[in-house]
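Throughout, read-outs are computed from the coordinates displayed, never taken from laboratory work. Everything numeric here is computed off the predicted structure, so don't read it as measured data. Neighbour counts run over all protein chains shown; Cβ positions are idealised from the backbone, glycine included.
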Amino acid sequence: MGIRYNTFINLSYTNLNTSIPLLKMNRQQKRIFAEKLFDLELYSQLNLKCVSKLNNIEHRKNKIQAEMKLNSTLIEEYQKQLDELQLSDIVELRKHLDELVIEKDNIIFVDVSVYDDNLRDLRHKREVLYRYLNQVEIKYGIYNEKIKNLRVVLQQQKNRETEIEKLTEQRQINENELKKRQTTSLNTRLNTIDKQISKFNKELNVLQQNLFASLQHIQYKENDLQIIQKKSSCPMCMRTIKGDSVALKVEAKLKFHKNEYDILFEKIGDVQKKLSVEEKDKVNVLEEIEKNITIKNNIALIDVELDRLKSLTVDVNHIIERYEKVVKCYVSIIDKYTIDIDTLKINEKNIEEDKKQNDIRHNRAREILREIDIIETKVLQYESANVEGKLIEISNKISVLSAATETYKKEEYRLIHLADYIEFLKNTCKDEKIKQYAISSNIPFLNRTLNSYLNSAGCGFYVEMDKWMDCMVRGPGIYRGSYNNLSGGESRLVDMSLLLAFNDLSMIVSPNYFNVLILDELLDSSVDSFTVTKLFDIIRYKQKKDALAVFVVTHRTELSDMEFDNLYCTTKSQGFSTIREENGKNL
């Protein structure tokens with residue numbers, strides 16, 4: 001077939017019942033599948049080789065830099081020795097040696113432990129003073145807070161005194177007002193008004209009874225008059241009456257009663273007016289009495305409040321003065337502790353300064369001793385050793401180290417350029433570079449072929465795969481659809497179409513053409529009969545397009561209803577397999 005075995009395994013030998021469909025894989029799985037399919041594993045391996053090579057180059061560069069640094073240090077050390085051996089004036093060395101000895105004898109320094117002990121004592125005293133100061137400051141803050149609270153209490157007392165004065169004035173005002181009002185005269189006046197009201201009510205009741213009796217007489221006379229006028233008979237005995245004499249008498253009595261009714265009605269109006277006036281006077285008197293009662297109640301409340309405010313009054317000034325004396329005492333203690341702490345800090349600073357000077361003198365003495373040892377060694381070398389031979393030996397070592405350093409520099413320069421080249425190869429072999437280009441160049445073909453198979457099955461949608469083989473589903477009424485939004489049958493149609501599209505792609509890249517397509521149990525998944533019909537439409541389209549001989553192997557007996565050119569059924573009984581044609585004839 002002209003294609004690699006691994007490529008064939010990933011492409012053609014794919015069982016949709018057990019394998020994960022390509023479109024359900026994550027990007028890492030898709031990348032591995034695409035690398036195997038398009039034979040791009042070489043670039044991944046090359047990328048890993050580049051990373052490993054870059055790490056080796058970086059390790060070698062670090063080793064070279066360490067060697068160069070060591071050589072530089074050795075050259076400097078040898079150069080110092082060379083400079084030291086080139087001091088030819090032995091007289092000057094001895095003179096300088098005598099000066100150093102004199103300077104050493106004049107240097108006086110003290111043991112560091114003395115300064116450390118003094119500093120430790122001072123710091124301990126300062127910590128103790130800090131603890132005492134902290135305790136005093138806490139007490140100072142407590143008494144300050146107490147004084148603050150007492151001043152608040154004092155201000156409250158002043159406010160209460162002001163309030164007491166205001167309440168006293170208000171009480172005096174209420175008492176004066178109460179004196180002005182004559183409660184006794186108001187009660188007498190109220191009794192008089194009640195008597196008048198009772199008198200008017202009795203008179204009003206008598207007049208209303210008379211008015212009611214007059215109204216009844218009027219009604220009786222009006223009825224009698226109506227009977228006389230309509231029937232001309234006596235209303236009492238019902239005898240016939242001739243003439244108008246009886247009617248005139250009745251009309252005269254009716255008029256008399258009406259006049260009497262009007263007079264009574266006017267008297268009732270006058271009595272009601274008088275009664276209304278008396279009732280208004282009674283209301284006014286009652287209001288005055290109520291005001292007097294309110295004033296008395298206000299005086300009683302003011303007395304209660306005055307007693308309460310007087311009970312809250314305490315002699316706060318004496319307590320404040322006592323606390324202020326305590327605070328002044330604490331302030332003097334705080335000032336004393338602060339001065340002592342500052343003094344200790346100054347002493348500590350002076351001791352530290354003395355210690356630094358002592359350390360400087362001590363370091364200078366050690367430097368002088370080292371310098372004396374060096375000069376004495378040089379003097380001995382000049383007196384007992386071959387100085388010229390050592391000069392030549394050290395110069396040769398410096399030359400060898402310099403040559404090695406130059407070699408290391410050239411190697412480092414070469415490694416830097418090699419690392420740039422390998423870095424370029426590594427970046428080129430990344431997923432988004434050459435591999436992505438190789439995959440993306442085949443995506444348009446896969447999209448066209450995949451959608452042609454879907455179209456042959458009459459699917460109402462089409463699929464677009466991007467460079468990462470992520471699938472977008474588009475079509476009428478479909479907005480931002482994806483592979484996961486499809487039903488089980490639709491996704492199986494897409495999987496079969498994508499499998500055949502990859503098969504078409506393999507036929508293009510393969511130098512050999514094969515005209516046989518074997519579908520081994522690809523239709524045995526859990527799909528309905530409608531989806532199976534659509535899958536057969538796709539297979540028929542593939543068969544006609546490429547003129548293939550298609551073999552379908554399945555366990556689903558209901559597929560026998562499909563239109564096959566030849567149908568064979570295999571059964572197994574008692575360890576023997578039997579193959580039958582559709583008409584039941586044994587083969």
Legend entry - Relative exposure of Thr294, Thr531, judged by other C-beta atoms within 10 Å (fewest first): Thr294, Thr531
Inset, instruction - Give me the lysines in straight-line cross-link reach of Lys255: C-alpha distance below 26 Å, same-chain residues under 8 apart excluded. - result: Lys221, Lys230, Lys231, Lys242, Lys267
Inset, instruction - Arrange Arg361, Arg120 by Cβ neighbour counts within 10 Å, fewest through most, would you? - result: Arg120, Arg361
Inset, instruction - For Lys356, list the lysines whose Cα falls under 19 Å from its own Cα; do not include residues on the same chain fewer than 8 positions away. - result: Lys104, Lys345
Inset, instruction - Can you put Lys166, Lys253 in order of Cβ neighbours within 10 angstrom, beginning with the fewest? - result: Lys166, Lys253
Legend entry - Mean separation of Cα contacts under 8 Å (6+ apart) over length of region 482-587, as relative contact order %: 22
Inset, instruction - Tabulate in residue order the Karplus-calculated ³J(HN,Hα) for region 96-106, using 6.51 cos²θ - 1.76 cosθ + 1.60 with θ = phi - 60°, rounded to whole Hz; enter x for Gly and Pro. - result: 5, 5, 5, 5, 5, 5, 4, 4, 5, 5, 7
Inset, instruction - Would you kindly derive the ³J(HN,Hα) couplings of region 360-368 from the backbone phi angles with the Karplus curve 6.51 cos²θ - 1.76 cosθ + 1.60 (θ = phi - 60°), listing them in order in whole Hz, with x for Gly and Pro? - result: 4, 5, 5, 4, 5, 4, 5, 4, 5
Inset, instruction - Would you list which lysines come within 18 Å of Lys397, measuring only between C-alpha atoms, while excluding same-chain residues fewer than 8 positions from it? - result: Lys69, Lys80
Legend entry - Residues with amide H under 5 Å from that of Leu522, placed H, sequence gap 5 or more: Val553
Legend entry - Net charge of neighbours whose Cβ lies under 9 Å from the Cβ of Glu348, counting Lys and Arg as +1 and Asp and Glu as -1: +3
Inset, instruction - For the pairs Lys30/Lys534; Lys63/Lys430; Lys430/Lys534, note any where the Cα-Cα span goes beyond 32 Å. - result: Lys430/Lys534
Legend entry - Relative packing of peptides 538-551, 146-159 - highest average C-beta neighbours within 10 Å first: 538-551, 146-159
